[in-house]
Each structure stands twice: as structure tokens, then as C-alpha cells.
Amino acid sequence: MAKKLHYFDFNGLAESVRYLLHYGKTKFEDVRYDYNSWPVKEVKEALPFGQLPLYEEGNKKLNQSLAIARYVAYQVKLLPSDPWEQAVLDAIVFNIYDFWGRVLAYIKEQDQVKKATLKKEILEESVVYFFSRFEQALKDNNGYFGGKLSWADFILLGIVESANLFLGEQIERDYPQVQALLEKIRNLQGVKQYIAGRKEYKLA
Amino acid sequence: MAKKLHYFDLNGLAESIRYLLHYGEHKFEDVRYNHLSWPLKEVKDDLPFGQLPLFEEGNKKLNQSLAIARYIAYQVKLLPSDPWEQAVLDAIVFNIYDFWGKVVAYIREQDQVKRANLKKEILEETVDYFFSRFEKTLEQNNGYFGGKLSWADFILLGIIESANLFLGEQIERKYPHVQNLFEKIRNLQGVKEYIAGRKDYKLA
């Protein structure tokens, strides 16, 4: 069944999904919309809840980046079979998305003074709070959130890269386990080739 | 293994989980903290990411309400076995939580004028946007999000009861399929007895 992923032409919430699909050597149409000319009315109105990303398999549609990612994870065998182990990874992914929520608040803030304050808070507090915990979890689990490669590791990579793009930073720089994990994923077969052929993301 | 759920003495993000546990007739310790005297430093500092709810099974801990709910859903047989069907319910649950996110923004807003505007927007736009879609899905799927009772239905009930508590409204009032679904869940064995013994939630 033909697979399509629809998102903007940057990393955001879809890059983890793209990485998972390429890791699994899944053929899919990688549909990208220019963020600056969004919304494309006829596309947006056809979306289940008006938001990207959207994933299509044949005539079936799925929204919500984490529903898509978890489904693709199952297909590419990066989802553990044990329910508790699945739950532990689910929680990690939601904790990663809570961190992303802070970055999103910064992205959405229009007032430049508030924006600068939010960025300072992210870099001095949120990154430390979340990444010290991610670092510990990786250290305690053989360098992977679930003890071996799983979708949660891919989610961290995509979100960190998006945060770095929007903040103009390298937020993982004080966290060696996180850096090592991100490098391992970038060098996986399928992922490596995709990255080599991908043009750099720019915000404007 | 001994099960414990920790949350505030409110519905919030934990009531769906309580409903699922009671539906499954699972013995668990329902630990509740007074939200007005939170944080309790020694409890909060011990939480994986400083937030409630927390679920404990023996000596294992899990945070993130949706990770907990999905895990219990599996245990009480309210999670479909097919991965696409699971993904469809995951997406619905995330869409429900996107709605809840708008209510959280209202709850957190300190400025009374902005707060009133946020409430107006929720009641005049957001409810309609989300609930017209939930209503249609239920109508097309035999009255349940997944065609038969599942955890997604429980998530909607818990979140809407929380929204109603914080907004002082009955947001499902124009949506008969949603109302029917709620009545069905409230009358399930286990859930019914729990509700009968539960005292009314109050904000202050």
C-alpha cells in the first residue's frame, strides 16, 4: 500500500518519522510544504484536525506525530514486545515532548523581550532538567533508552535537531551519552544515506 | 505486585486511569495529594520528572498519564491487538489531549481579561472544532472511537469531566453520541461502584 508522509520542509515533528521510515527502508512519498506559504487551504481543510504531520497508507489516514511514529516503529521492529517496556518508552517519548513544549512556547512568543527570557530559561533550566535525566537513563541502559535501539531514541534525535534549528544552539553539547546516541542513529544504514542526500534546513 | 497511583485529589489527568483500573477490578492504592498544598517537596523531588501522575507496580515507576493509561488499557483488555487500530486510537487520544491543552492554557492564565477571552474561545470555537469531529467518529464507529469499547473512550470521559470542572460547564451538551458514550462508561461494572462512592470534586 502506498505510503505518504505530509509535513513542512523542516525537521520539526516529522524528522523522527522520516528517520524511522528510512531506517526500515520503507518506500514512502515524503511530501513537504513550504512553511512560509502555509496553510494551503485545500490541504489543511482535508486534514483530520487541521494539522501536520499526516500519514497515509493506501486510503487510510493518521494524524499526530507520535501515533505515526509508534506505528512505524512497530513496522520497522523498533517497538519492544513487552507492555511494561513499551510503557517505559512511551513515558520517555512524552517527557521528550514536554521538553519540546518549552521550545514551542519560545517559537510562538512574538514579544522579543519575553522570547529572550524564554530562551534563557530553556538553555539554563529546561535543558539541564530534562537532559540530565535523559543522560542518566541512557547511562543506566546501555546507551539506549530501552537498553537497545528503539523508537524513543529516534524521537530524541528528531526533537533535539528541531530544537537546535529553532534555538540556534547545540543543546546536547554537555551530554556525552546523548551525543553518542545521536551519532549512532545518524550512522545507521538507511538513515545515513537519507542524511547525506538531505539539504540543510533553514528557518527563513 | 502492589499497584499505586499518585495524583491530586481531582479528576485532571488521572481520572481516566482510575476508571480503567476500576473497570478492570484492579486493586490499587489511590494516593491523592491536596492540589492547594502542592508541592510536597519530598514527594515531588522523588518523581522522575517532577510531575504527577505517577504509577507504581512493585518497585517500578512510570510517569506520564498516557503511558500509564495505555499500559493499564493493555492489562484490562481495552487495547486492540492490530497495530493500525492501536495507532488510530493513539491519534484520537492525542487529539483529545490537544483539546485539553487549550483548557490548560485557560487554567494557567492569571490575567482575568485574557482568561475570560480564552474561555470564550474554548466554548465558542475549540469545543465545536474538536467535538464535531469526535461526534462524527463515534457516529461512524458504532458509538465507540474504535468500533467497540477501548481506552480512548475512557480518556475522553476523564478529560471532559476535568474540563467541565475547571470551566464550570457541560461541554458535551450539544453532542449526543459523546453523551451516550459517557453514560455507557459510567454504568460499567467497576466504574459504577467507584463513582457511587466518590465524593464530588471541588476546585477550592
Looking only at residues in the range B:77-108 that are more than 9 Å from chain A (Cβ to nearest Cβ) and farther than 15 Å from B:Ala163 by Cβ, which one is most open to solvent (accessible area, probe 1.4 Å)?
-> B:Lys77
Restricting attention to the range A:79-98, and to residues there that are of a type in the set (A, V, I, L, M, F, W, C) and open to solvent by 10 Å² or more (accessible area, probe 1.4 Å), which single residue is farthest from B:Phe49 (Cα to Cα)?
-> A:Leu79
Take the residues of the range A:1-50 that are outside any helix (DSSP H, G or I) and of a type in the set (A, V, I, L, M): which is modelled with the lowest pLDDT?
-> A:Met1
Of the residues that make up the range B:4-24, is at least one touching a strand residue (DSSP E or B) at 6+ places or on another chain (Cβ under 6 Å) and more than 27 Å from A:Ser81 (Cα to Cα)?
-> yes
Find all pairs meeting these conditions: Cβ atoms under 6 angstrom apart; at least six residues apart or on different chains; first residue within the range B:64-76 and within 7 Å of chain A (Cβ to nearest Cβ) and open to solvent by 20 Å² or more (accessible area, probe 1.4 Å); second residue part of a helix (DSSP H, G or I) and aromatic (Phe, Trp, Tyr).
-> B:Gln64/A:Phe94
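I want to confirm something. Restricting to the range A:48-65 and keeping residues that are within 22 Å of the chain's Cα centre (by Cα) and without any contact (Cβ under 8 Å) to a residue 40 or more places away in the chain, which single residue is surrounded by the most Cβ atoms within 10 Å (Cβ to Cβ)? Full working, then the answer.
As a first pass, look at the range A:48-65 and keep what is within 22 Å of the chain's Cα centre (by Cα): A:48-57, A:61-65.
Right, trim to without any contact (Cβ under 8 Å) to a residue 40 or more places away in the chain and you get A:48-51, A:61-64.
Working: A:Pro48: 15, A:Phe49: 16, A:Gly50: 13, A:Gln51: 15, A:Lys61: 16, A:Leu62: 20, A:Asn63: 21, A:Gln64: 25.
Ranking the candidates gives A:Gln64 first.
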Would you check which residues across the range B:50-60 are more than 9 Å from every other protein chain (Cβ to nearest Cβ) and open to solvent by 10 Å² or more (accessible area, probe 1.4 Å) and list them?
-> B:Leu52, B:Glu56, B:Gly58, B:Asn59
Can you tell which of A:Ala196, A:Ala163, A:Ala116, A:Ala105 is in a helix (DSSP H, G or I), among the hydrophobic types (A, V, I, L, M, F, W, C) and open to solvent by less than 30 Å² (accessible area, probe 1.4 Å)?
-> A:Ala163
Residues of the range A:20-68 being within 10 Å of chain B (Cβ to nearest Cβ) and more than 11 Å from A:Leu5 (Cα to Cα), which ones?
-> A:Pro48, A:Phe49, A:Gly50, A:Gln51, A:Lys60, A:Gln64, A:Leu66, A:Ala67
If you check B:Lys120, B:Lys184, B:Lys192, which single one turns out to be touching a residue at least 40 places away in the same chain (Cβ under 8 Å), of a type in the set (D, E, K, R), open to solvent by 40 Å² or more (accessible area, probe 1.4 Å) and not in a loop (DSSP other than H, G, I, E, B)?
-> B:Lys184
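The values are calculated or read from the model by the stated rules, or taken from the named source; none is laboratory data. Here the structure is a predicted model, which is why all the values come from computation and not from measurement. Positions of Cβ are generated from backbone atoms using ideal geometry, with glycine treated the same way; all protein chains shown enter the neighbour counts. The area values use the complete protein model at the heavy-atom level, side chains included, leaving out ligands, DNA and RNA. Shrake-Rupley method; radii C 1.70, N 1.55, O 1.52, S 1.80 Å.
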